[in-house]
1. In the list 90, 13, 38, which residue meets the criterion of being closer than 30 Å to residue 380 by Cβ and free of Cβ contacts under 8 Å to residues at least 40 places away in the same chain?
2. Mind checking which residues of the stretch 54-64 are farther than 13 Å from residue 98 by Cβ and touching a helix residue (DSSP H, G or I) at 6+ places or on another chain (Cβ under 8 Å)?
3. Condition first: buried (at least 17 other Cβ atoms within 10 Å of the Cβ) and over 16 Å from the mean Cα position of the chain (by Cα). Now tell me which residues in the stretch 362-377 satisfy that.
4. Residue 182 fails exactly one of the following numbered conditions: (1) under 30 Å from residue 296 (Cβ atoms); (2) assigned to a strand (DSSP E or B). What is the number of that condition?
5. Would you say residue 351 is out of contact with any helix residue (DSSP H, G or I) (no Cβ under 7 Å at 6 or more places or on another chain), surrounded by fewer than 16 Cβ atoms within 10 Å (Cβ to Cβ) and more than 22 Å from residue 232 (Cβ to Cβ)?
6. Name the residue, out of 160, 145, that is within 21 Å of residue 123 (Cβ to Cβ) and part of a strand (DSSP E or B).
7. Is it fair to say residue 108 is under 22 Å from residue 200 (Cβ atoms) and buried (at least 23 other Cβ atoms within 10 Å of the Cβ)?
8. In this structure, is residue 26 surrounded by fewer than 16 Cβ atoms within 10 Å (Cβ to Cβ), touching a helix residue (DSSP H, G or I) at 6+ places or on another chain (Cβ under 6 Å), touching a residue at least 60 places away in the same chain (Cβ under 8 Å) and over 30 Å from residue 332 (Cα atoms)?
């Protein structure tokens with residue numbers, strides 16, 4: 001059957017960057033206290049809306065005589081929320097950032113850690129709506145601890161931040177933002193309710209699929225994506241149906257980590273090109289947006305490649321991704337797309353109309369999507385009418 005070739009041709013050149021250290025496994029949270037106590041005295045601990053899952057960590061930090069300041073992130077980060085967190089960290093003279101929560105918490109942590117080490121305003125470093133300046137100095141030490149299995153943000157080099165007055169989500173992006181340590185403890189994900197398990201897990205699956213099909217993929221990211229797609233394919237439905245299944249939870253935590261490693265080095269595609277504008281315009285969970293779009297984007301990409309570039313090496317990857325997800329040796333691209341559509345139905349992924357998207361909004365979303373940095377990794381350039389058809393199908 002063979003392995004699909006790397007997209008990009010013979011003149012191969014790539015780089016790979018990630019967190020300086022990754023600690024994975026049940027009970028790994030216990031490693032954070034001793035790590036924090038080394039050369040640090042004032043941790044700035046960023047949690048989700050509830051600090052319940054962070055309480056054992058806060059207790060451990062106190063045991064190590066560390067003067068912690070906590071900050072709660074109740075929703076997806078906005079420019080105002082990040083600036084508020086930064087002001088709190090500066091006032092506390094924090095020398096370490098620990099983020100423990102979902103992707104929103106980890107993204108806030110990366111932005112705060114970066115800004116603690118760099119002069120200027122947050123807007124100086126934002127893409128699209130800001131100046132997009134490069135960071136001059138590496139972020140202060142940041143320990144990232146995910147409590148969901150979806151974004152892989154613990155090993156990515158960007159922070160996604162909403163800009164409400166512009167109705168868009170944009171990134172602050174730099175290799176200097178990579179956390180010093182990523183601590184992935186699958187036990188922290190066991191309390192996720194089914195809806196969160198679905199939305200975060202589908203985000204990880206989307207990231208793996210897009211990074212694998214990205215025209216910027218490379219042999220290192222390919223291996224990560226293959227392993228992640230196989231684990232997500234066999235375990236996301238199980239984790240949704242039975243959150244206490246330790247094996248499925250571990251699979252999804254690893255799939256999420258692998259998705260972050262892959263996307264940070266291979267990029268994404270049109271699904272995430274849409275997700276930035278949609279997330280800025282409508283109050284919809286990021287993972288739900290991705291899941292609702294993924295089958296339609298894959299179908300559009302497949303049709304466009306077959307008609308415009310029938311010799312593209314990406315076509316073999318669609319078949320391989322289908323086999324990895326379904327576990328069927330003879331699965332082809334269309335089988336994978338149908339499997340994804342059925343999974344979204346099982347996981348009760350709603351149409352985007354539920355969050356306020358109408359046909360009248362589609363032209364504006366398409367225009368913003370075409371400017372998105374995420375869409376640049378898509379295996380084929382999709383025309384405005386193709387993007388319009390995708391959104392219409394996702395309603």
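1. Answer to the check: 13.
2. 63
3. Within the stretch 362-377, 362, 365, 366, 368, 369 meet the criteria.
4. (1)
5. Considered against the rule, which asks whether it is out of contact with any helix residue (DSSP H, G or I) (no Cβ under 7 Å at 6 or more places or on another chain), surrounded by fewer than 16 Cβ atoms within 10 Å (Cβ to Cβ) and more than 22 Å from residue 232 (Cβ to Cβ), residue 351 comes out as no.
6. Answer to the check: 160.
7. Working: under 22 Å from residue 200 (Cβ atoms): yes; buried (at least 23 other Cβ atoms within 10 Å of the Cβ): yes.
Yes; evaluated as a whole, the condition is true for this residue.
8. Spelling it out, residue 26 is indeed surrounded by fewer than 16 Cβ atoms within 10 Å (Cβ to Cβ), touching a helix residue (DSSP H, G or I) at 6+ places or on another chain (Cβ under 6 Å), touching a residue at least 60 places away in the same chain (Cβ under 8 Å) and over 30 Å from residue 332 (Cα atoms).
Since every read-out is calculated from the coordinates, none of them should be taken as a lab result. Here the structure is a predicted model, which means the values were calculated and not measured. Backbone-built Cβ (ideal geometry, glycine too); neighbour counts: all protein chains shown.
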